[in-house]
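I have placed the structure first, in the form of C-alpha cells, so that the comments after it can refer back to it.
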Amino acid sequence: MTAGDVALDERQRLAADRRISIVHAGRAMRAVIMREIIKFVHQYGRLASALVRPGLWLIVFAAGFQKVLGVSIVPPYETYVEYQEYMVPGLIGMVILFNGMQSSLSLVYDREVGVMRLLLTTPLPRWYLLFCKLLAGTILSIIQSYAFLLVAFVFDVEVPWSGWLYMLPMMFFAGMMLGSIGLVLSVYIKQLENFAGAMNFVIFPMYFLSTALYPLWKLRESGAEALYWVAQLNPFTYAVEVIRFAAYGKMAGFMDSLAPGGHSENLGRGFALAVVIVVAIVAFLIAVTGYDPQRGFIRRRQQAT
C-alpha cells in the first residue's frame, strides 16, 4: 500500500468519524427536544397557564385601562390602535419570558434529581447539550406564543396575518435570549425553592420595566425619568419591540417606541434585534462557563462544600 493510499484511507476514516459525530449530535438534539415536548404535552396545566395568564391580562387589564392609557401614533403603528392590540406583542413576550424561566427551572430540578448530571456525562460538549436544552425551550415558547395568538384572534384582537410569519424569527431570537438569561440564573441557584423566589425578582421587573404594557415615553411624560432610563437598559424591552415591529413587517430601531416622533434612523434599523442577539450570545457564554466544572461557578461551589 502506497503512502497515497494510506492518506486516502485516513481521510475517509476522518470523514466517516465526522459523519458519525454529526449523526450522534443530531440524535442528541432530537432526544433533548422530544423530551421537553413530551413533558410539555403531559403537563396540561402548563399550557393552560401559558394561555390563561396572558389571556386574563388581555381581557381584564386591557378592558380596564384602554380608556386610561391612550397610545399615540408611534412606529410601527400608522394610525391609532386599541390598547388590546398594543398589548399583544408584550403578552407574547410574557409567554416567552415565563416559559424561558420555567425551562431553566427544570434544569435546577434535573440537577437535584440527578438527570442533569447524567446528561452532562454524555460524550458531547457541555455547550452543545446546553444549546439543545435552550433550543428545546425556545421551540416550546414559540408553540405557546402561537397558541396565544389564536386566543387573541378569538377575542377579536387581530394581528396582520403576514405578521404571524414575520414574528417567527423574532420569537426565536427573543426565546434564545430569555432562555439564556434563565440558564445563567440556573447556574447560581442551587435549590428549586430559591429559584422560584429569584424568578419573581427577574420576571416582574423585566416585564413591567419594558414596553410590554405602555410606550416608554409614558414613563417620561409622567415624570418617572429614572425608570425611563432603566427600561432602556432592560433587554426584555428590545425583545418586545422586535416582536412588535415584526408583526407589522418592520424592523425596530432604537428610539422607535421610546418617544413620539423618535428618530430611529440616527442609530439604524435593526438595533433592537442586534441587542437581543448580543445579549443572547453573552448570556449563553456565561452559562456555559458556569456549567464547566473546570472553570465555572459549579467547581467553586463544590470546593466550598
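Coordinate-derived values only; no laboratory data. This one's a predicted model, so the numbers in the text were calculated from it and none came from an experiment. Note that each Cβ is placed from the backbone with ideal geometry, even for glycine, and that neighbours are counted across all protein chains shown.
Laid out as a table, the results:
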{"quantity": "Gain in span if fully extended, Leu233 to Phe153, counting 0.36 nm per residue against the direct Cα distance", "calculated": "25.6 nm"}
{"quantity": "Virtual spin-label span in nm between Val41 and Arg220, 7 Å along Cα→Cβ", "calculated": "5.0 nm"}
{"quantity": "Burial ordering of Lys133, Lys39, Lys250, fewest other beta-carbon atoms within 10 Å first", "calculated": "Lys39, Lys250, Lys133"}
{"quantity": "Normalised per residue, the volume of the convex hull around the Cα set of the stretch 173-250 (Å³)", "calculated": "100 Å³"}
